[in-house]
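The values are calculated or read from the model by the stated rules, or taken from the named source; none is laboratory data. As the structure is a prediction and not an experimental result, all values here were calculated from the model. Virtual Cβ from ideal backbone geometry, glycine too; neighbours counted across all protein chains shown.
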Amino acid sequence: MLTEDGDCVVSGIKGIFRNQNIVPLVGDDVLLQQENEGSYVIAQILERKNTLLRPAVANITQVVIVAACTRPKPNLMMLDKLIASCEQSDVQIILCFNKTDIATEEEIEQLSEIYAKTPYEVFFVSAEKGQLGKIDEKLQHQTTVLAGPSGAGKSTLLNALNPEFFLRTGELSEKIGRGKHTTRHAELLCLDEKSYIVDTPGFTNVDLTSMDIENADELFAEFVPYLGKCKFASCVHDSEPKCAVKDALQEGKISRSRYENYLAIKEEIDQHSRKNRR
C-alpha cells in the first residue's frame, strides 16, 4: 500500500466491506486505520472515478492495450473485445503492438491499416530492443493500465520503460505459441511521483455477453460519427438497407476486420440473450 510516507503493510479490511460485498481494487484511494505498529487495515474506500472489470482496477486515466505483432499471432477478435470492454469505462485507449523486431513488414502493415481507421493512437514497438517510439511520453502524469493477452510482452515493455522494476519475463512456448503467465495479479507500479502503471495478468478470453446489444455499436469508436444517420433508428448495421455504417465500410472509412468482429460480437450477445430468455 502506497502512502505519502512510503509503503506500509495492510493486514486486512474492515468487516463492513465483506458484509456489503465490496472488494477493494488496485488503484483504489482508501483511508487507513492503524491496528499495530506498522500495520494498518482499510477503513474506508473513497469514491471511485471509474472502474474496469477486465482487468479489475479503479481510478485510472488510460489503458494501453498491448498485443504482439507476431509470435503469437494477434487474435483480433479478442483485441476488439478488449477495446470494447475498455470503451464501456470511458477511459482513453492507446494501442501498442509489440515485437516489431521479429515481425514481417506485411504483418505490421496489416495491423496498421486496420487500426489507423480508429481514433486511437497506435504505437509499434520492440520492447526487447528498447525501441519504444514516444509511448513513454504518453505515460507521464497518468495512471495507466497495461492490458493484453498472454505473450504480448507486457513485462518486457515495463522493463524497457524502467529497468528498476526488474520484472520477470516469460519464455514463449514454441509448442502452443503463447506466453507463459508472468504476472499473476494486478500490481500498481510507480514510474515517478505523478505517474503510475498497473501491470495486469495476461488472459485468453474477454466476455461481453452481458452487454446491451443495442449499445454495442457505440463501443466501436469509428462507428460513432455515423450512428443516428441510418434510415432506421433501430439499425444494428447488419442486413438493414441505407445503413450509414455500412456505407462508411464500403468507402474504406471503417476496416472490414473491425466491422466483421462487431457483427460476431453482436451475434454472441444476441445468442446469450436468447438463451437466458428460454
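At-a-glance table
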| quantity | calculated |
| --- | --- |
| Yes/no for residue 256 being at pLDDT below 95, charged (D, E, K, R), within 22 Å of residue 208 (Cα to Cα) and surrounded by fewer than 19 Cβ atoms within 10 Å (Cβ to Cβ) | no |
| Counted residues, the range 86-96 - those being in a strand (DSSP E or B) and closer than 13 Å to residue 221 by Cβ | 4 |
| The range 224-276, residues that are among the aromatic types (Phe, Trp, Tyr), farther than 16 Å from residue 115 by Cα and within 25 Å of the chain's Cα centre (by Cα) | 226 |
| Search result, residues across the range 244-256 that are part of a helix (DSSP H, G or I) and either touching a Phe, Trp or Tyr at 6+ places or on another chain (Cβ under 9 Å) or assigned by TED's automatic domain parsing to the domain that holds residue 83 (or both) | 244, 245, 246, 247, 248, 249 |
| Subset of the range 136-163 [in a strand (DSSP E or B) and either surrounded by fewer than 18 Cβ atoms within 10 Å (Cβ to Cβ) or in contact with a helix residue (DSSP H, G or I) (Cβ under 9 Å, 6 or more places away or on another chain) (or both)] | 144, 145, 146, 147 |
| Boolean, residue 122 is modelled with pLDDT of 95 or more, under 30 Å from residue 244 (Cα atoms) and either surrounded by 13 or more Cβ atoms within 10 Å (Cβ to Cβ) or of a type in the set (A, V, I, L, M) (or both) | yes |
| Cβ pairs under 6 Å, 6+ apart, first in the range 241-256 and free of Cβ contacts under 8 Å to residues at least 60 places away in the same chain, second exposed (fewer than 15 other Cβ atoms within 10 Å of the Cβ) | 242/231; 244/229 |
| Single residue of the range 125-135 satisfying the filter (surrounded by 16 or more Cβ atoms within 10 Å (Cβ to Cβ) and in contact with a helix residue (DSSP H, G or I) (Cβ under 7 Å, 6 or more places away or on another chain)) that is nearest to residue 83 (Cα to Cα) | 125 |
| Matching entry among 244, 221, 233, 248 (being at pLDDT below 95 and either buried (at least 19 other Cβ atoms within 10 Å of the Cβ) or among the aliphatic types (A, V, I, L, M) (or both)) | 233 |
| Cβ pairs under 6 Å, 6+ apart, first in the range 188-201 and among the basic types (Lys, Arg), second modelled with pLDDT of 85 or more | 194/141 |
| Residues of the range 97-135 satisfying the condition of being touching an Asp or Glu at 6+ places or on another chain (Cβ under 9 Å), in contact (Cβ under 8 Å) with a residue 40 or more places away in the chain and in a strand (DSSP E or B) | 98 |
| Selected residue (only one of 65, 83 is part of a strand (DSSP E or B) and over 22 Å from residue 21 (Cβ atoms)) | 65 |
| Residue match in the range 96-108 (condition: of a type in the set (Ser, Thr, Tyr) and buried (at least 18 other Cβ atoms within 10 Å of the Cβ)) | yes |
